[in-house]
Amino acid sequence: MLEILLFGYLITCVSGQAGADVVLSCSLVEEGSGMGGMGGGALFSRTPATLVLRDLAVTPDLSPDTLTPFNPPAVPDPNNIILEAKVESPEIPEADLLLHADCNEQEVTCEISRYFPRNAKEGSTEPAYFIGSLQIEGGGLSITLVLQTLPLDQSDRPALMQSKLELPLSQSGTLLTEVVFLVFSRSESHSAPLGGMALLDCGFRQQATSPGRELGLEWRLQHRGSGRKVLEIRAGQTETEEGPAVHVEREGSSVDAALLVGQGNASLTLARLKVSDEGTYICTVSTGLYQAQQVIQLHVTQPPHVSLSEEKLVFRDELPQKLSCHCKNYYPLDVQMEWFSVSSTDSEPSILSDQVSLSSHRQHSDRTMSISSHLTLHPSTFPPGTTVTCRVTHPALDTPLSLSLTVETPEPDSYWMVLAFLVITVLFFYQVMK
């Protein structure tokens, strides 16, 4: 993970419109030579680079006194890779998360690669394009940016060329670009209950486009090496009588086409969730020359139903007794079952590991799981007043779930009570008849 670099403060510049600059330490990722280690080479090479996002919109409560200007190197170096990206239209949503990441002790991952637009003229080298991926640690915000180089004013002197990219640099030694397209998600991971609903966040922003340009959206699900299309929309970016073409593969999935075209909201709704809906969702937005995507993880959960095999815990004839704890219909598989006991003289509960056995996992038709834990109790070890607890921990539970029983004193055997009653009755009538 690559950290945000600080120049004075994380927020390093302010414009007349109260915009701020953020300076990110990045990697320029390029295809390498070799066979991924088999021949000593690497599939990808990484070169240190810097990305400067200029004029990010900030909240009004941010004091200009806290902003320090970004200062390029005093002496331009053609070996340095510094991309200076103008961010005006489109704006980066939730830009405050980038501005405050360092204060929140969050790292930002930044990777940049060359990008070749769809249907671009063959052999064209101007302008050049890059694609950047920014991810805030903890899943707060993920952005994919398409950057386009800007023309330089070369009236004063010939431009300095960047040695690796072979592109002209500004007089301050930076590669001038602007953001022309971006796709973002404000949540890279989402958990939802089995049978419930999930909303997977995805959106896009772009520069003003010519009317009628086609807009495409595709949602795909990848899980355990296989993939399938969930939903696809093709629409013009202006209203037509025909409306957008929507193709739904997964029943119960939907995207609001009006919000997609009008506001760039590509979020996917999934109703009636099943275990098979879990996996990696890829939101791909394409418009004109550009295409970018976001990846969101969906976790389906179902808390376990926990029960004990007995309602009372009483030893009969000083024989051992088996107590079972049943954990039913949970998902995912990760579950932990523990036994504890505490007697009337103990101050802390004791973990029970001996005389404990687990059944095998059982899978149901809805792909939820069940398991049972069995504990063998001996009267000499568990006197009356001892409390025995089964505790279950599972990702779908906010806190562990516990069920307890207390060992009770056995009642007198009813056989002897009946016999004593009969003897007393006989003696009573015998005395009466005398």
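The values are calculated or read from the model by the stated rules, or taken from the named source; none is laboratory data. Worth saying up front: this structure is predicted, and the values here are computed from it rather than measured. Every residue, glycine as well, gets a Cβ built from its backbone with ideal geometry; the counts of neighbours run over all protein chains shown. Areas reflect the complete protein model, heavy atoms only, side chains present, ligands, DNA and RNA absent. Shrake-Rupley method; radii C 1.70, N 1.55, O 1.52, S 1.80 Å.
Between L397 and E105, the contour length at 0.36 nm per residue exceeds the Cα-Cα span by 102.4 nm. So if R0 is 51 Å, what FRET efficiency would S359 and L422 give, r being the distance between their Cβ atoms, rounded to the nearest 0.05? The value I calculate is 0.65. Of all aspartates and glutamates in the structure, those lying under 18 Å Cα to Cα from K164, and not within fewer than 8 positions of it along the same chain, are E30, E31, D77, E84, E111, E126. Reducing the stretch 341-373 and the stretch 92-110 to their Cα centroids gives an inter-centroid distance of 43 Å. The modelled label-to-label distance for the pair F340/A57, using points 7 Å beyond Cα in the direction of Cβ, is 5.1 nm.
Each label was represented as a point 7 Å from its Cα along the Cα-to-Cβ direction; for Q222 and F116 these points are 2.1 nm apart. Based on alpha-carbon atoms, the Kirkwood radius and the radius of gyration of the stretch 264-324 give Rg/Rh equal to 1.47. If R0 is taken as 30 Å, the Cβ-Cβ distance between V75 and A208 corresponds to a FRET efficiency of 0.20. Leaving out same-chain residues fewer than 8 places away, which aspartates and glutamates sit with a Cα under 12 Å from that of K86? Straight-distance partners of K86: D21, D55, E178. Amide H to amide H, with H built 1.01 Å from N, E107 comes under 5 Å of E137, counting only residues 5 or more places away or on other chains. For H299, the residues whose amide H sits under 5 Å from its own are H190, S191, A192, ignoring neighbours fewer than 5 places away on the same chain, with H placed 1.01 Å from N.
Computed on protein heavy atoms with a 1.4 Å probe, the accessible areas place V306, V356 in the order V356, V306, largest first. Amide H to amide H distances under 5 Å link T174 with no residue, where only residues 5 or more positions off or on other chains count and H is placed in the peptide plane. Ignoring ligands, DNA and RNA, what percent of the accessible area of the stretch 176-279 is carbon or sulfur (1.4 Å)? Roughly 47 percent, rounded to a whole number. Phi angles across the stretch 170-175 convert, under the Karplus curve 6.51 cos²θ - 1.76 cosθ + 1.60 with θ = phi - 60°, into 3J(HN,Hα) values of 6, 5, 8, x, 10, 8 Hz, Gly and Pro given as x. Note that the stretch 281-289 has calculated 3J(HN,Hα) couplings of 9, 10, 9, 10, 10, 10, 7, x, 7 Hz, one per residue in order, obtained from phi through the Karplus relation 6.51 cos²θ - 1.76 cosθ + 1.60 (θ = phi - 60°); glycine and proline are x.
In the context of the full set of protein chains, the stretch 293-434 has a per residue accessible area of 64 Å² (1.4 Å probe).
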